[in-house]
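One structure is given here, and the rest of the page talks about it.
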Amino acid sequence: MAMNSSGRPTTPGTATTGTAATFTGNRALDHEEALIFESGALSKTGVDLPEPKQHKSRLGGLERSGDIGLPGLTEPETLRHYVRLSRKNYAIDSGLYPLGSCTMKHNARLNEKMARLPGFGDIHPLQPQSTVQGALQLMEILAGYLLELTGMHSIAMSPKAGAHGELCGMLAIKAAHEAKGAQRSVVLVPESAHGTNPATAAFMGYTVKTIPARDDGTVSVDAVKSALGPDVAAIMLTNPNTCGLFEPEVVAIAAAVHAAGAYFYCDGANFNAIVGKVRPGDLGIDAMHINLHKTFSTPHGGGGPGSGPVVLSKALSPFAPLPYVVKDKAAYRLIETATAATGTHPFGRLTAFHGQMGMYVRALTYMLSHGSDGMRQASEDAVLNANYIRVGLRDIFSQPFGDQACMHEVLFDDAWLKDTGVTTLDFAKAMIDEGYHPMTMYFPLVVHGAMLIEPTESESKQSLDLFIATLRTLAMAAKDGDVERFKQAPQFAPRRRLDETKAAREPRLTWKASTEHKEAAE
Amino acid sequence: MAIKFTRDHEWVSVDGDIATVGITSHAQSALGDVVFVEVPEIGRMLKQKDAAAVVESVKAASEVYAPISGEVVAANADLAGTPALVNEDAEGKAWFFKLKIANKAQLDGLMDKAAYDAFVKESA
Amino acid sequence: MRYLPLQADDRRAMLAKVGVTSVDELFAAVPKAKLLRALPNLPKAKGELEVERELGRLAARNTPAASVPFFVGAGAYCHHVPASVDHLIQRSEFLTSYTPYQPEITQGTLQYLFEFQTQVARLTAMDVANASMYDGSTGAAEAVLMAHRITRRKKAVISGGLHPQYADVIATLSKYSGAAVHALAPDPQARETIATTIDAETSCVVVQYPDVFGNIRDLRPIADAAHAKGALLVVVVTEIVALGALRAPGDMGADIVVAEGQSIGNGLTFGGPYVGLFATREKYVRQMPGRLCGETVDAEGRRGFVLTLSTREQHIRREKATSNICTNSGLCALAFTIHMTLLGETGLKRLAAINHANACDLADRLAGVKGVSVLNDTFFNEFTLRVPGDAAAVIEQLAAKGIMGGVPVSRLLPGDKAVADLILVAATEINTDDDRAAYAAALKEVL
């Protein structure tokens, strides 16, 4: 068998330090909260709707009969339920959120306010285009800004998130090869890549060929050259890479890839390090997605929605998907179908409608607020903050590729924890007790016990100083053999460690009354 | 007959022309808590090194390869309901599938217990 | 710069600590010639007031749905969203949290996802649902891929009643992943016979319910025909409110149900972000794309929730993943769940009844206009209108009179003469008697 990922402990162990019981199970501000299926009732509602007019049903005899099983709550109960739930969450607004590769930066509320203007939030994707000229213009302005920042030729706006953008870029590459009549079946992916890269390539029927990293964590042009051949369609490279390093040979890699007749896909997840500093178009990249929810601060919202526009080189531009906006004379117009596309060869359509308008408004608000000067400053601050953490921890923590300047995130491994009995996971859970969200752990996979820290530009020096002091204190505790503190962590969170093994062995994915569970077991 | 081992951490025990296949005790401990196992359908023809089964822990999914070629004649139905069996008795009750051996010579290319133990030690 | 906490003296002190004299030394790995000297050619930073003015000007060039009699649907619907929904989803702890990878400090997100999954499963009458997809259309494409994995076949039969843009998304992904699509011709009156198109190569049949033209049909015979050939039935719902009135797809033999959930909790927002609902049978759960939240216990034995069965996903299985999806529509799923909780069974059924009644009233009024006919025998809150002449021109003329009359089918299927005189017309709870009367009157005038 092949073990393609290192395992980490997934059962919680036993908690020895129990907390004093309360009658309710609540712990002051931390309330135990029942599920709506336990607290609600089918007869209850939090909306007052008028009696419908009587009409002969035209549902074709397919009327629903019986209960659906959707309990309701009145408005005050609903507010209390979801407010209580919200308080069980960590968030950027409540603390440093150093998740590497995720760019958890401040989400300005002006962005939210603008997205809710009725002229953006309350327009339909298929209402007459003459009535949405401002929306189409906004898409054009945002597209222009993204092209200026990336130095690329054109842009596909519609992808719904980063992985969707990757698919978009790779489909454009596949279409470009097909237009040339080329049969190429291999995609090169460095071993440090984000999991979406090989998943995308494999979905499209490509064979994934892995490129090893050098000892310094970067990809060498020689390794790429030796993997290139007439069957290689593209390379998918993240730059800055997932180890937090700018690929120093990226220009030579691009040249080698192009010389072999292949295209260069860049995963733009880490664009926040280089906005206003380097333009991907100047490096020879053919396609790159931009996570608006990372670099341009549209909120992550507990896992989405995102938005992943893809910038394209001149060679790939003709193959950009539908829809796209054109301007003729005084009016903006959407090209929505292949019939309407003139002079281009769209590879198809990735989603209904025109993409994530709500995210476009937020991203443009961010860009207008920051301006060219503020965006560059943000990248510089993000990089400075990450290096400040690196320097603050480097004498205790170990770096897999030696001590070198990083981009906007700094990578440590777990070599320094060897023989302490404390794992990366334990260390992360102890950070929770100190009031921090842990860093990205066990990614990239090429580094043992990886800890990837991305502070973003949104942290003050005081915030970083306290963070560094906290991590140093925890590190000393680990080295001093205070293992229990780590094994028991977190002790002060709404929940102790959760039993992921049980969740996977006996999947309970929907709520059932406890009697139903019993029956299912029998 | 003695048990043979592969570099991919499968074991094979041979009885006549039937080979029983599972994953090694070392493999299960590296995986951690096993939460799901998918075994091959009976009747499937496997070539040596074909992906034959899947074993999953919470955070890792792995293919189990056919150590030798043959036709699947039995699969361990207990594993679907009780994947924990793999952690409890990897080289016994938690066998994955049985093959009707197509080519006995392929067994000669596999390791014996001592060689496998040395291999595991070396790769640690 | 109001968003950047570091001040000049902080930066100086930090650079000194890092041991460099300028921040550009930290960019030493960037080839010198590629490091930008000048600022990007974009405007400089602006204060809130200036930004509001600039975006306000753009917003003012659009006509919001609430400002006119509004009857546009075709996959996105204008419904009233209670004020508390938008308030709650803007709570910092929901808005600015990430994917719940650390369950101890994200039980809020995990519990609402569990509630969301349960609501979706019950609404569709399926066993399990995931924690959301990007939207209905991408969910539909993922459902087809999932059917291919389950059946180990590679051909999908697409009903002529499926939203054309959904069909395009399926066709695009199929084309580049080496799968076949058998798309039936546009079918405004639900006359196609799907059963005869299913063969031993077919992995699934994709039908929309109600279909894009508004027709409602019993799915059971299609399910039976598909199952008889070893194929699956994928049911697509673009107006989820319909399931408050209609029999659920899961009760008619559906194997996978995907839906656009925008109608509940989420505004129109020019097409996105929306939220894809994805539900299936228990036996297929390991072939399902996207994230799943599951119930478990913590080290003290208290109930808690975690992301589970993640070995299906890209970050573990990489090139063997069921899908490359990573980010989904968490916050839109939250809006859906809160709105659904406010509605409850009682409210949802009432809402659906009002939608249907308003649509019936509108259909009667419009059918009364000379030369106009309603094509549908059955519909929920949307139907197809046949007008004399070019439907697109009629819609433009109505817009000029301040009525958003619907979607000309030619916008979705340009060049198809057979549908050039058809309009998709939707009515929801937002339309008043006056709105509907105004539509009928305006239609009479423009014809």
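Separation of the alpha carbons by more than 30 angstrom is noted, of B:59/C:155; A:512/C:229; B:4/B:59, for B:59/C:155; A:512/C:229.
With Cα atoms defining each centre, segment B:1-62 and segment C:378-446 are spaced 62 Å apart in the structure.
Hey, what D do you get for segment A:193-257 in µm²/s if you plug the Kirkwood alpha-carbon radius into Stokes-Einstein at 20 °C and 1.002 mPa s?
Working: Rh = 12.4 Å.
The estimated diffusion coefficient comes to 172 µm²/s.
Measuring between their Cα centroids, segment C:234-292 and segment A:46-106 lie 15 Å from each other. Exposure proxy ranking for C:23, A:189, A:483, based on other Cβ atoms within 10 angstrom of each Cβ and starting from the fewest, stands as A:483, C:23, A:189. Across the alpha-carbon set of segment A:111-365, the Rg to Rh ratio works out to 0.97, Rh being the Kirkwood radius.
Counted by neighbouring Cβ atoms within 10 Å, the residues A:87, C:12 run from fewest to most as C:12, A:87.
Could you work out how far helix C:391-400 tilts from the main Cα principal axis of chain C, as a 0 to 90 degree angle to the nearest 10? Approximately 70 degrees, to the nearest 10. Of all the options C:323, C:177, C:137, the one that moves most in a Gaussian network model of chain C with Cα springs shorter than 10 angstrom is C:177.
Can you give the Rg to Rh ratio for segment B:3-104, taking only C-alpha atoms and Rh from Kirkwood? Working shown, then result.
Working: Rg = 12.2 Å, Rh = 13.1 Å.
Rg divided by Rh gives 0.93.
Take every Cα pair under 8 Å whose residues are at least 6 apart in sequence, average their separation, divide by the length of chain C, and the relative contact order is 20 percent.
Note that segment A:300-445, at 4 °C in a medium of 1.567 mPa s, gets a Stokes-Einstein diffusion coefficient of 65 µm²/s from its Kirkwood radius over C-alpha pairs. At an R0 of 56 angstrom, the distance between the Cβ atoms of residue B:93 and residue C:44 translates into a FRET efficiency of 0.20.
When the helices of chain A are scored as -39500 (n - 2.57) per DSSP H run of n ≥ 4 and the total is divided over every residue, the value at 222 nm lands at -10500 deg cm²/dmol. Of the trypsin sites (Lys or Arg not before Pro) found in segment A:142-223, those that fall in a DSSP loop while having at most 16 other beta-carbon atoms within 10 Å are A:180, A:214.
Calculated FRET efficiency, residue C:375 and residue A:328, Cβ-Cβ r, R0 30 Å, to nearest 0.05? So the FRET efficiency works out to roughly 0.30.
In this label model, residue C:185 and residue C:2 are separated by 6.0 nm, measuring between points 7 Å along each Cα→Cβ vector.
Shape class of segment C:205-358 from the Cα gyration tensor (axes a ≥ b ≥ c, square roots of the eigenvalues): oblate, since a/c reaches 1.5 or more and a/b does not exceed b/c. Exposure proxy shown here: for A:258, C:163, A:177, the number of other Cβ atoms within 10 Å sets the order, fewest to most, as A:258, A:177, C:163.
Check cross-link reach from residue C:46 to the lysines: straight Cα distance under 20 Å, and skip same-chain residues fewer than eight apart. The qualifying lysines are A:105, A:113. The C-alpha atoms of chain C define a longest principal axis, and helix C:433-446 lies at about 70 degrees to it.
Per the Debye formula on identical point scatterers at the alpha carbon atoms of chain C, with no solvent, log10 I(q)/I(0) at q = 0.07, 0.08, 0.11, 0.12 Å⁻¹ is -0.43, -0.55, -0.94, -1.06. Taking chymotrypsin sites (Phe, Trp or Tyr not before Pro) as candidate sites, keep only those in a DSSP loop with at most 15 other Cβ atoms within 10 Å, then name the longest stretch of chain A containing none of them. Longest gap between qualifying sites, sites excluded: A:24-491.
With a cut-off of at most 12 other beta carbons within 10 Å, and DSSP calling the residue loop, which trypsin sites (Lys or Arg not before Pro) in segment A:382-463 qualify? Please list them.
Numbers: sites: A:390, A:394, A:418, A:429, A:461; in loops: A:394, A:418.
Answer by residue number: A:418.
Each Lys and Arg contributes +1 and each Asp and Glu -1, all at the Cβ; summed about the Cα centre of the protein assembly as shown, the dipole is approximately 1480 debye.
Rounded, prolate or oblate: which fits segment A:420-493, taking a ≥ b ≥ c as square roots of the Cα gyration tensor eigenvalues, rounded meaning a/c under 1.5, else prolate when a/b beats b/c?
Details: a/c = 1.76, a/b = 1.20, b/c = 1.46.
Oblate, since a/c reaches 1.5 and b/c is not below a/b.
Taking a ≥ b ≥ c as the square roots of the eigenvalues of the Cα gyration tensor, segment C:1-73 is prolate, since a/c reaches 1.5 or more and a/b is larger than b/c.
Semi-axes of the equivalent ellipsoid of the protein assembly as shown are 44, 36, 30 Å, computed as sqrt(5λ) over the eigenvalues of the C-alpha gyration tensor in descending order. Segment A:479-515 and segment A:431-473 have Cα centres separated by 21 Å.
Percent of alpha carbon pairs in segment C:83-339 separated by more than 31 Å?
Counting pairs separated by more than 31 Å, the tail of P(r) holds 22 percent.
What does the charge count around residue B:44 come to, taking other residues whose C-beta lies under 15 Å from its C-beta (Lys +1, Arg +1, Asp -1, Glu -1)? Walk me through the numbers before you get to the answer.
Working: positive: B:47, B:49, B:98, B:100, C:152; negative: B:38, B:41, B:50, B:63, B:71.
For residues surrounding residue B:44, the net value is 0.
Note on chain A: Rg/Rh from Cα positions, Kirkwood definition for Rh, rounded to two decimals, is 1.00. Here the convex hull built on the C-alpha positions of segment A:98-185 has a volume of 171 cubic angstrom per residue. Mean per-residue shielding of peptide C:361-367 is 1, counting Cβ atoms of other chains within 10 Å of each Cβ. What the phi angles of segment C:114-123 give under the Karplus curve with 6.51, -1.76 and 1.60, with θ = phi - 60°, is a coupling list of 5, 5, 4, 4, 5, 4, 5, 4, 6, 4 Hz, glycine and proline written as x. Restricting attention to segment B:1-56, which GluC sites (Glu not before Pro) occupy a DSSP loop and are surrounded by at most 16 other Cβ atoms within 10 Å? Loop-located and lightly packed - B:41.
If a spin label sat at a point 7 angstrom from the Cα of residue C:12 along the line to its beta carbon, no backbone N atom of segment A:455-487 would be nearer than 13 Å.
If R0 equals 45 Å, the separation of the Cβ atoms of residue B:2 and residue C:152 corresponds to a calculated FRET efficiency of about 0.75.
Taken together, the values in this text are just the output of simple stated rules run on the coordinates, not laboratory data. In this text, all values refer to a predicted model and were calculated from it rather than measured experimentally. A quick note on method: Cβ atoms are made from the backbone with ideal geometry, for glycine too, and the neighbour counts reach across all protein chains shown.
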